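Reading through the structure tokens given below for one structure.
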Amino acid sequence: MTVFALPAQPVFPDPANADEDGLLAVGGDLSPQRLLMAYGQGIFPWYSENTPILWWSPDPRLILEPAGIHVPQRLERILRQGRFHFTLDAAFERVITLCADTPRRGARGTWIVPEMLAAYCRLHELGFAHSIETWSGRTLIGGLYGVALGRAFFGESMFYRQPDASKAALVTLVRALERAGFTLFDCQQTTAHMVRFGGFEVRRDEFLIRLQRALEMPSLRGPWSLRGGALVCRGREHQGA
């Protein structure tokens, strides 16, 4: 398979041309236009400080249907106890920074390099990237962030400072997404962690069909908040990117 070198203009090759590991292209930039175009085609960036920007479209792809999330009984009890409280988009930059700073088992450094952090903060300012925060009192103890287009949410990374804080954030977010009509939660890569929550693999072509269906709905662009467990968008519905 050929790995494509991206030109200056924001275009991508057909994801079907990705190699067996899912690597599709190299180069380009992290401008909002290019990032939104990538996500709309099922492509995402993932690289490290010592490499150029790498663009991926794995096959198979792990996804979660929000309506089908599996919540372990122990975690369900924790949620009912009200041990944590949650917010949306209240501390996006802190969440992505803590995700970048969290050591990963078996990995050195982070893939959330400074340029990546700045790019997603810009997407957040534009109303396309969102975070959920888990709090214990006034202390931020967990959370995750991702990108939303149409009724698809692309999960990027999560962190925790207390046990179950990121898991509780995930469940709270997915349930809010389901109530808002989201049909697709993209896990990007297969992990046992997400499989336990109901994630399952689909072929790339099926993923792209599901994605296009989700993109037929307008994006909930703008700041998000939680109200009674429901997602509230303080912006406007926005067709396309």
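The values are calculated or read from the model by the stated rules, or taken from the named source; none is laboratory data. Everything quoted here is computed from the prediction, not taken from an experiment. Don't worry about glycine lacking a Cβ; one is built from the backbone with ideal geometry, like all the others, and counts go over all protein chains shown. Surface areas here come from the heavy atoms of the whole protein model, side chains and all, with no ligands, DNA or RNA. Shrake-Rupley method; radii C 1.70, N 1.55, O 1.52, S 1.80 Å.
Quick check on this structure: which one of 195, 171, 202 is of a type outside the set (Lys, Arg) and over 16 Å from the mean Cα position of the chain (by Cα)? Before you say what the answer is, go through the steps one by one.
Details: 195 fails: over 16 Å from the mean Cα position of the chain (by Cα); 171 fails: over 16 Å from the mean Cα position of the chain (by Cα).
When all the criteria are applied, what remains is 202.
Return the only residue of 68, 106 being modelled with pLDDT of 95 or more, surrounded by fewer than 17 Cβ atoms within 10 Å (Cβ to Cβ) and within 27 Å of residue 164 (Cβ to Cβ). Please lay out each step first, then the result.
Details: 106 fails: modelled with pLDDT of 95 or more.
Exactly one residue qualifies, and that residue is 68.
Could you please let me know if residue 135 is under 19 Å from residue 30 (Cα atoms), out of contact with any Leu (no Cβ under 9 Å at 6 or more places or on another chain) and surrounded by 15 or more Cβ atoms within 10 Å (Cβ to Cβ)? Write out each step before concluding.
On the way: under 19 Å from residue 30 (Cα atoms): no; out of contact with any Leu (no Cβ under 9 Å at 6 or more places or on another chain): yes; surrounded by 15 or more Cβ atoms within 10 Å (Cβ to Cβ): yes.
So residue 135 fails the test.
Taking residue 95 and the conditions (1) surrounded by 17 or more Cβ atoms within 10 Å (Cβ to Cβ); (2) aliphatic (A, V, I, L, M); (3) within 19 Å of residue 194 (Cβ to Cβ); (4) at pLDDT below 95, which numbered condition does it fall short on, given that it satisfies the others?
(4)
Is it true that residue 67 is in a loop (DSSP other than H, G, I, E, B), in contact with an Asp or Glu (Cβ under 7 Å, 6 or more places away or on another chain) and touching a residue at least 24 places away in the same chain (Cβ under 8 Å)?
On the way: in a loop (DSSP other than H, G, I, E, B): no; in contact with an Asp or Glu (Cβ under 7 Å, 6 or more places away or on another chain): yes; touching a residue at least 24 places away in the same chain (Cβ under 8 Å): yes.
It is false that residue 67 is in a loop (DSSP other than H, G, I, E, B), in contact with an Asp or Glu (Cβ under 7 Å, 6 or more places away or on another chain) and touching a residue at least 24 places away in the same chain (Cβ under 8 Å).
Looking only at residues in segment 147-199 that are β-branched (Val, Ile, Thr) and within 22 Å of residue 83 (Cβ to Cβ), which one is most open to solvent (accessible area, probe 1.4 Å)? Even if it seems obvious, please write down each step before you answer.
The first filter runs over segment 147-199 and keeps only residues β-branched (Val, Ile, Thr), leaving 147, 171-172, 174, 183, 190-191, 195.
Okay, now just the ones that are also within 22 Å of residue 83 (Cβ to Cβ), so 171-172, 174.
Working: 171: 0, 172: 25, 174: 0 Å².
The residue in question is 172.
Identify, please: which residue in segment 200-209 is out of contact with any Leu (no Cβ under 6 Å at 6 or more places or on another chain) and either closer than 26 Å to residue 168 by Cβ or acidic (Asp, Glu) (or both) and is, among those, most open to solvent (accessible area, probe 1.4 Å)? Can you show your working first?
Of all residues in segment 200-209, those out of contact with any Leu (no Cβ under 6 Å at 6 or more places or on another chain) come to 200, 202-209.
Within this subset, residues satisfying the condition of being either closer than 26 Å to residue 168 by Cβ or acidic (Asp, Glu) (or both) are 200, 205-206.
Values: 200: 69, 205: 94, 206: 74 Å².
Taking the candidates together, the pick is 205.
Between 205, 186, which is farther than 17 Å from residue 145 by Cβ and among the acidic types (Asp, Glu)? Before you say what the answer is, go through the steps one by one.
On the way: 186 fails: farther than 17 Å from residue 145 by Cβ.
Sole residue among the options that is farther than 17 Å from residue 145 by Cβ and among the acidic types (Asp, Glu): 205.
List pairs: first in segment 29-47 and closer than 15 Å to residue 9 by Cβ, second part of a strand (DSSP E or B) and of a type in the set (Val, Ile, Thr), Cβ under 7 Å, 6+ apart or cross-chain?
Going by the 7 Å Cβ cut-off, there are no qualifying pairs.
Which one of 141, 112 is more than 17 Å from the chain's Cα centre (by Cα), crowded, with 18+ Cβ neighbours inside 10 Å and of a type in the set (Val, Ile, Thr)? Let's see the steps before the verdict.
Numbers: 112 fails: more than 17 Å from the chain's Cα centre (by Cα).
Selected residue: 141, the only one of 141, 112 that is more than 17 Å from the chain's Cα centre (by Cα), crowded, with 18+ Cβ neighbours inside 10 Å and of a type in the set (Val, Ile, Thr).
Give the residues of segment 70-100 that are free of Cβ contacts under 8 Å to residues at least 40 places away in the same chain and of a type in the set (Val, Ile, Thr), sorted by residue number.
The one that is free of Cβ contacts under 8 Å to residues at least 40 places away in the same chain and of a type in the set (Val, Ile, Thr): 97.
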